[in-house]
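Input: a single structure, listed below in structure tokens.
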Amino acid sequence: PTSLAARNQLITESHTAAMRIKAQKLKEQGIPVVNFAAGELDIDTSEAIKTAAQNAIAQGYNKYTETLGIKKLREGIAAKITRETGVVYTAAEVGITVGAKQALYNSAMVLFESGDEVIIPSPYWVTFPAQVRLAEATPVFLDTEPCNYQIDIEQLKTLITPKTKAMIMNTPNNPTGVVYRWETLQEIAKLAIANNLWIIFDECYADLVHSPYEHYNIVKVVKEVKERTIVVNSFSKSCALTGWRIGYVCAPSLIIKAIQKMQGHMTSNVCSIAQHAVLAALEPNHNSFVENTRKLLKQRLDTALEIINTMDAVTYVVPQGAFYVFLNVKQLLGKTYHETFIADVNILAQLLLEEAHVAVVPGDAFGNGNCIRISYAISQEDISNGLQKMKDFFAKIQ
Ligand code: PLP
């Protein structure tokens with residue numbers, strides 16, 4: 001037998017990963033590349049979490065745990081989300097997953113099937129539609145660009161059909177940095193209840209919001225929506241723990257039980273050491289780590305915007321959270337750099353890498369071919385250098 005399953009055709013390689021590989025190759029040739037393409041903080045994990053991991057190893061937590069995770073962690077997360085939403089969650093409504101990514105994948109697998117439609121605001125995090133397709137359902141995109149990347153409720157209403165099973169939402173948003181407003185979440189919750197929809201609510205960047213903006217969990221906004229909401233979160237972004245692969249899902253126990261069954265046959269539990277280690281992240285004294293990260297990111301955003309504001313051909317919506325700026329570079333498309341015609345953002349991103357040694361992610365990976373995404377979770381120096389190089393390069397495009 002030689003052929004692969006048709007499923008392989010449903011998805012393409014992650015663009016973010018492809019860009020990382022190209023940038024790495026240049027680096028290996030001794031060419032310094034400023035990497036705006038990564039989706040993770042450059043800072044190190046806290047000492048508290050590292051020490052907790054070492055203690056977990058020393059104490060011999062080396063065996064399988066319950067599929068859904070150790071009780072203490074599930075209880076800790078239930079207490080956290082109860083505090084954040086004002087709605088009681090128990091450990092039976094929590095599952096620990098291999099990053100938020102598996103939380104989302106599990107949710108898609110237990111909920112979606114052929115014939116289902118799933119609404120996804122666009123631009124979107126690239127994995128959302130990929131997972132919907134893998135579950136044999138159909139993604140239906142809600143274009144948020146005309147609304148400064150906020151959701152237009154009237155437009156959303158037009159997309160709901162009898163086939164609509166769910167909506168996948170991400171706030172603070174990757175790639176736009178937009179944080180959904182209380183009123184927006186309220187309207188979406190009402191629509192979900194009226195149309196019997198599930199809400200998959202990805203709040204991975206919840207801790208990384210720039211004042212005066214505020215993140216709201218949709219369950220806090222409309223309590224009754226809890227029974228149809230799957231909250232997805234992770235320690236990856238706020239605790240600089242991307243490599244540890246530890247996320248979670250908070251949902252009605254019906255969903256959690258289905259996930260337990262599915263995950264039990266896929267990956268079993270998340271690494272036992274990582275589970276014990278992140279207990280430290282739930283301690284009140286860990287808040288200062290997150291607080292400092294937020295402050296650092298705000299300084300970096302300010303630095304980035306100062307330079308971006310001097311670029312003629314670029315527009316953007318001011319990011320309110322997460323650590324990305326989604327730059328609209330439409331004015332540069334259809335122009336020429338030396339002999340190269342810049343037909344689309346992929347060519348622009350390629351040129352940026354080869355000519356300016358700056359790695360970005362082309363926006364069509366997120367469903368918007370007029371934009372590029374840059375991450376400002378890199379050093380202040382890299383931000384200044386990289387954006388100056390980008391500006392100089394853009395100025396040469398005719
Ligand atoms: N959801 C969003 C919106 C993300 O941006 C990411 C990572 O980039 C994830 C989920 C996955 O996070 P994790 O590393 O916890 O799997």
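Residues in region 352-388 that are outside any helix (DSSP H, G or I), closer than 9 Å to F36 by Cα and in contact with a strand residue (DSSP E or B) (Cβ under 7 Å, 6 or more places away or on another chain): V358, A359, V360, V361, R373, I374, S375, Y376, I378. Here L68 clears all of (1) part of a loop (DSSP other than H, G, I, E, B); (2) over 30 Å from F289 (Cβ atoms); (3) among the hydrophobic types (A, V, I, L, M, F, W, C) except the condition numbered (2). Close Cβ contacts (under 7 Å, 6 or more residues apart or on different chains) running from residues in region 174-200 that are over 20 Å from F323 (Cβ atoms) to residues that are aromatic (F, W, Y) comprise W182/Y216; L185/Y216.
The set of residues from region 219-256 being part of a loop (DSSP other than H, G, I, E, B), within 18 Å of T171 (Cα to Cα), in contact with a strand residue (DSSP E or B) (Cβ under 8 Å, 6 or more places away or on another chain) and within 13 Å of the ligand (Cβ to nearest atom) comprises F235, S236.
Mind counting the residues in region 365-396 that are under 22 Å from A17 (Cα atoms) and touching a residue at least 40 places away in the same chain (Cβ under 8 Å)? Show your work before the answer.
First pass over region 365-396, keeping only residues under 22 Å from A17 (Cα atoms): 365-379, 382-383, 386-387, 390.
Filter once more, so that each one left must be touching a residue at least 40 places away in the same chain (Cβ under 8 Å): 365-368, 370-379, 382-383, 386-387, 390.
Qualifying residue count for the region: 19.
For region 120-135, the candidate set comprises residues that are free of Cβ contacts under 8 Å to residues at least 40 places away in the same chain and over 14 Å from the mean Cα position of the chain (by Cα); within that set, the residue that is surrounded by the most Cβ atoms within 10 Å (Cβ to Cβ) is V132.
The condition of being closer than 30 Å to Y61 by Cβ and not aromatic (F, W, Y) holds for only one of L296, L279, that being L279. Per this entry, R7 is not counted among residues that are out of contact with any strand residue (DSSP E or B) (no Cβ under 6 Å at 6 or more places or on another chain), within 16 Å of the ligand (Cβ to nearest atom), of a type in the set (D, E, K, R) and part of a helix (DSSP H, G or I). Among the residues of this structure, T229 does not count as one that is under 18 Å from the mean Cα position of the chain (by Cα), surrounded by fewer than 20 Cβ atoms within 10 Å (Cβ to Cβ) and in the same structural domain as Y213 (by TED's automatic domain parsing).
The set of residues in region 59-89 being in contact with a helix residue (DSSP H, G or I) (Cβ under 7 Å, 6 or more places away or on another chain), of a type in the set (V, I, T) and touching a residue at least 24 places away in the same chain (Cβ under 8 Å) consists of T65, T67, I70, T85, V87. Figure legend. Inter-residue proximity from region 236-255: first residues on the phi > 0 side of the Ramachandran plot, second residues in a loop (DSSP other than H, G, I, E, B), beta-carbon distance below 6 Å, spacing 6+ or different chains. Indicated pairs: A240/L41; A240/I43; A240/T45; R245/V98.
Could you check, for region 35-57, whether at least one of its residues is under 23 Å from the mean Cα position of the chain (by Cα), exposed (fewer than 13 other Cβ atoms within 10 Å of the Cβ) and not in a helix (DSSP H, G or I)? Before you say what the answer is, go through the steps one by one.
Of the residues in region 35-57, the ones under 23 Å from the mean Cα position of the chain (by Cα) are 35-46, 49.
With exposed (fewer than 13 other Cβ atoms within 10 Å of the Cβ) added as a condition, the list becomes 44.
Now restrict to residues that are not in a helix (DSSP H, G or I): 44.
Looking for residues that are under 23 Å from the mean Cα position of the chain (by Cα), exposed (fewer than 13 other Cβ atoms within 10 Å of the Cβ) and not in a helix (DSSP H, G or I), one finds at least one in region 35-57, hence yes.
Before we move on, is E214 farther than 27 Å from K295 by Cβ, surrounded by fewer than 20 Cβ atoms within 10 Å (Cβ to Cβ) and in contact (Cβ under 8 Å) with a residue 12 or more places away in the chain? Give the derivation first.
On the way: farther than 27 Å from K295 by Cβ: no; surrounded by fewer than 20 Cβ atoms within 10 Å (Cβ to Cβ): yes; in contact (Cβ under 8 Å) with a residue 12 or more places away in the chain: yes.
So E214 fails the test.
Only one entry in A277, A349 is in contact (Cβ under 8 Å) with a residue 24 or more places away in the chain, in a helix (DSSP H, G or I) and assigned by TED's automatic domain parsing to the domain that holds L73, namely A277.
May I ask you to verify whether L73 is closer than 29 Å to N196 by Cβ and either charged (D, E, K, R) or at pLDDT 95 or above (or both)? Can you show your working first?
Numbers: closer than 29 Å to N196 by Cβ: no; either charged (D, E, K, R) or at pLDDT 95 or above (or both): yes.
No.
In this entry, A23 passes the filter for residues that are in a helix (DSSP H, G or I), more than 16 Å from the ligand (Cβ to nearest atom), within 18 Å of A377 (Cα to Cα) and at pLDDT below 90. Of the numbered criteria (1) without any contact (Cβ under 8 Å) to a residue 12 or more places away in the chain; (2) within 24 Å of E145 (Cβ to Cβ); (3) polar (S, T, N, Q), the one S288 fails is (2).
Results for (1) more than 22 Å from R133 (Cα to Cα); (2) modelled with pLDDT under 95; (3) crowded, with 23+ Cβ neighbours inside 10 Å, shown as yes or no for each residue.
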{"position": "E145", "(1), (2), (3)": "yes, no, no"}
{"position": "K163", "(1), (2), (3)": "no, no, no"}
{"position": "M167", "(1), (2), (3)": "no, no, yes"}
{"position": "P172", "(1), (2), (3)": "yes, no, yes"}
{"position": "V178", "(1), (2), (3)": "yes, no, yes"}
{"position": "I188", "(1), (2), (3)": "yes, no, yes"}
{"position": "N196", "(1), (2), (3)": "no, no, no"}
{"position": "I218", "(1), (2), (3)": "yes, no, yes"}
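Rundown of residues vs (1) crowded, with 20+ Cβ neighbours inside 10 Å; (2) within 16 Å of the ligand (Cβ to nearest atom); (3) part of a helix (DSSP H, G or I), yes/no style:
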{"position": "E75", "(1), (2), (3)": "no, no, yes"}
{"position": "A79", "(1), (2), (3)": "no, no, yes"}
{"position": "T82", "(1), (2), (3)": "no, no, yes"}
{"position": "Y89", "(1), (2), (3)": "yes, no, no"}
{"position": "A92", "(1), (2), (3)": "no, no, yes"}
{"position": "L104", "(1), (2), (3)": "yes, yes, yes"}
{"position": "G115", "(1), (2), (3)": "no, no, no"}
{"position": "V118", "(1), (2), (3)": "yes, yes, no"}
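The values are calculated or read from the model by the stated rules, or taken from the named source; none is laboratory data. Remember, predicted model here, so these are calculated numbers, not experimental data. Note: ideal-geometry Cβ built from the backbone for every residue, glycine included; neighbour counts use all protein chains shown.
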